[in-house]
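The values are calculated or read from the model by the stated rules, or taken from the named source; none is laboratory data. Given the structure is predicted, the values throughout are model-derived calculations rather than measurements. Positions of Cβ are generated from backbone atoms using ideal geometry, with glycine treated the same way; all protein chains shown enter the neighbour counts.
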Amino acid sequence: MNNDLVLMKSVMRFLTGENECLCRLCLTLAKEHNVSFYDSVEIQRPYIQEIVTYKEILEDLGLHQENLLPQILCKSCATTIINTYIFKSLIRYCQEKWSDIITKIDNTLKPTKSISDSVKTIYFLVNENQNVMLTSRTTIKGKRKVLQKLKEVISYKKNYVRVKKNTTKTICEECGEIFKSKSLLSSHYDKVHSTIKYPCSFCPKVAKSKIQLEGHIVRMHYPKKFKCPKCDKMFSTDRLLTYHDKSHHRAVICKLCFIQFPSKLELRSHMDKHDVLNCRKCGKVFYSRQTIRSHEKICGNLEQKQAKFFCDICKKGYARKGGIRSHLKIDHGYGINMHNCKWCNKKFDAASKLKMHAVVHTRERNFHCEHCGNKFVTQAALKYHVRLHTGERPFQCKICGEQFVSASRRMEHTHRKHIGPTKECSICHVKFILDNQLKRHMRRHFNPQSKLYVCDK
């Protein structure tokens with residue numbers, strides 16, 4: 001009770017103006033060594049380095065400013081609130097670091113979902129920027145051997161990045177096109193600017209060089225006696241069989257992100273994704289070198305999109321020479337060793353095209369998403385799905401600027417918002433936006449159970 005009277009007396013003296021040196025926290029007189037709310041203090045700790053005022057410290061601790069109350073602190077209370085503020089900062093630092101570490105560990109463990117069953121050992125490389133994973137199909141015993149293996153991988157990765165940066169570009173003197181290596185420039189010159197041709201004596205194929213012609217004859221016209229034990233493909237030489245096995249049936253690991261792939265071909269396709277490719281004319285983003293090359297040939301050039309090559313038999317036109325070649329082989333019977341679909345008997349001039357078509361019947365899901373693991377029937381379906389993960393919308397409406405994940409979505413938007421329905425029913429003259437909408441509507445006209453039934457076909 002006596003203590004309460006003393007505090008009451010001190011407060012009354014402060015309110016009447018007799019004594020202004022009253023500590024805001026402990027309500028005791030602080031005539032000497034008092035600290036103002038507006039004085040600053042420098043805090044140096046491994047987890048906090050800053051200069052703050054006592055007012056900012058009190059606000060952070062939950063004591064808000066009241067101008068009518070005392071604006072000073074005694075030395076003891078000033079020391080206490082500094083220590084309290086440091087402790088609270090330590091708690092924040094602790095929570096942030098634990099959250100960052102757990103997030104890094106989760107991100108490091110995500111690739112383990114796509115690891116092959118043949119993997120026996122997993123290693124993690126932990127550094128300041130990110131944690132990465134390395135897998136091995138063998139068990140490596142001993143820390144020294146493990147460290148030696150990891151040093152080799154890190155050295156390979158550094159050399160890869162260095163070579164990618166220092167790659168000199170070469171320019172074609174004929175057309176000015178830029179290439180990343182002399183071999184690509186040489187190949188371009190032979191294909192585009194060279195006038196010397198080497199025709200094959202067995203088929204209409206025309207090669208650009210003697211070596212290319214010899215390789216073509218060996219691959220296509222030699223008797224195929226060597227069968228792959230892992231698939232049904234046949235080859236003319238043991239060398240081609242060995243190359244096929246290395247490219248298609250041996251698992252490999254990306255040495256940049258340490259994800260395992262079932263073959264070298266899939267790894268090559270994946271490696272393109274480490275370098276985002278932009279079209280030099282329109283800036284469109286691509287993840288495959290083959291796709292961007294095909295796009296750049298026709299980007300911004302309407303003449304390239306128009307038919308240049310016409311069939312002498314049926315006068316059908318194609319924009320590229322490859323299109324009319326396939327047309328002559330398939331539609332007019334000029335093809336040798338054509339590939340027929342066993343389900344619908346459709347013809348193809350290449351086994352790869354037949355393989356792509358076969359999934360229409362088998363519905364085999366060979367394309368898997370690296371983000372969530374879902375599998376898809378076609379590469380186009382996978383590409384569309386990946387854009388839902390990345391948020392990429394490369395197709396922009398030329399009228400309003402709205403972006404879409406596919407050209408079909410953009411076309412549907414353009415007809416719906418800007419052009420209006422143009423597909424007219426020949427019976428009732430109702431208009432629709434898409435062809436499939438019109439086809440569904442027309443079927444109702446010939447369905448006796450439909451309200452729109454008109455007559456039989």
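Brief remarks follow.
- Selection status of Lys281, under 30 Å from Gly335 (Cβ atoms) and either surrounded by 13 or more Cβ atoms within 10 Å (Cβ to Cβ) or at pLDDT 70 or above (or both): no
- Residue match in region 338-356 (condition: part of a loop (DSSP other than H, G, I, E, B), farther than 25 Å from Met271 by Cα, over 14 Å from the mean Cα position of the chain (by Cα) and among the acidic types (Asp, Glu)): yes
- Scanning region 390-431 for residues that are modelled with pLDDT of 85 or more, in contact with a helix residue (DSSP H, G or I) (Cβ under 7 Å, 6 or more places away or on another chain) and assigned to a strand (DSSP E or B) yields a single hit, Phe404.
- Subset of region 187-218 that is assigned to a helix (DSSP H, G or I) and touching a strand residue (DSSP E or B) at 6+ places or on another chain (Cβ under 8 Å) - its residue that is surrounded by the fewest Cβ atoms within 10 Å (Cβ to Cβ): Lys210
- For region 219-249, a residue qualifies if it is assigned to a loop (DSSP other than H, G, I, E, B) and of a type in the set (Gly, Ala, Ser), and exactly one does: Ser236.
- One residue stands out in region 432-457 among those that are closer than 26 Å to Gln396 by Cβ and of a type outside the set (S, T, N, Q): the one that is surrounded by the fewest Cβ atoms within 10 Å (Cβ to Cβ), namely Asp435.
- Of all residues in region 337-390 being surrounded by 13 or more Cβ atoms within 10 Å (Cβ to Cβ) and acidic (Asp, Glu), the one that is farthest from Gly322 (Cα to Cα): Glu370
- Of the residues making up region 391-400, one or more are touching a strand residue (DSSP E or B) at 6+ places or on another chain (Cβ under 9 Å), in contact (Cβ under 8 Å) with a residue 40 or more places away in the chain and either under 25 Å from Phe261 (Cβ atoms) or surrounded by 13 or more Cβ atoms within 10 Å (Cβ to Cβ) (or both).
- Taken over region 219-244, the criterion of being closer than 28 Å to His188 by Cα and exposed (fewer than 12 other Cβ atoms within 10 Å of the Cβ) is satisfied by Arg239 alone.
- Positions within region 325-367 being polar (S, T, N, Q), closer than 19 Å to Val377 by Cβ and touching a strand residue (DSSP E or B) at 6+ places or on another chain (Cβ under 9 Å), in sequence order: Asn366
- Being modelled with pLDDT of 85 or more, closer than 30 Å to Tyr93 by Cα and surrounded by 13 or more Cβ atoms within 10 Å (Cβ to Cβ) is a property that holds for Val41.
- Residues located in region 433-450, provided they are closer than 26 Å to Ala381 by Cα and either part of a loop (DSSP other than H, G, I, E, B) or over 35 Å from the mean Cα position of the chain (by Cα) (or both): Ile433, Leu434, Leu438, Lys439, Arg440
- Criterion (in a helix (DSSP H, G or I) and loosely packed, with under 13 Cβ neighbours inside 10 Å) met by exactly one of Lys97, Lys88: Lys97
- Residue within region 45-64 that is hydroxyl-bearing (Ser, Thr, Tyr), in contact (Cβ under 8 Å) with a residue 40 or more places away in the chain and surrounded by 11 or more Cβ atoms within 10 Å (Cβ to Cβ) present: yes
- Here Tyr38 passes the criteria (1) touching a Phe, Trp or Tyr at 6+ places or on another chain (Cβ under 8 Å); (2) part of a loop (DSSP other than H, G, I, E, B); (3) in contact (Cβ under 8 Å) with a residue 40 or more places away in the chain except the one numbered (3).
- Cβ-Cβ under 6 Å pairs, at least 6 apart or on other chains, region 257-278 side modelled with pLDDT under 70, far side basic (Lys, Arg) and surrounded by 14 or more Cβ atoms within 10 Å (Cβ to Cβ): Asp272/Arg289
- Taken across region 191-208, residues that are modelled with pLDDT of 75 or more, within 31 Å of the chain's Cα centre (by Cα) and more than 24 Å from Thr108 (Cβ to Cβ) do not occur at all.
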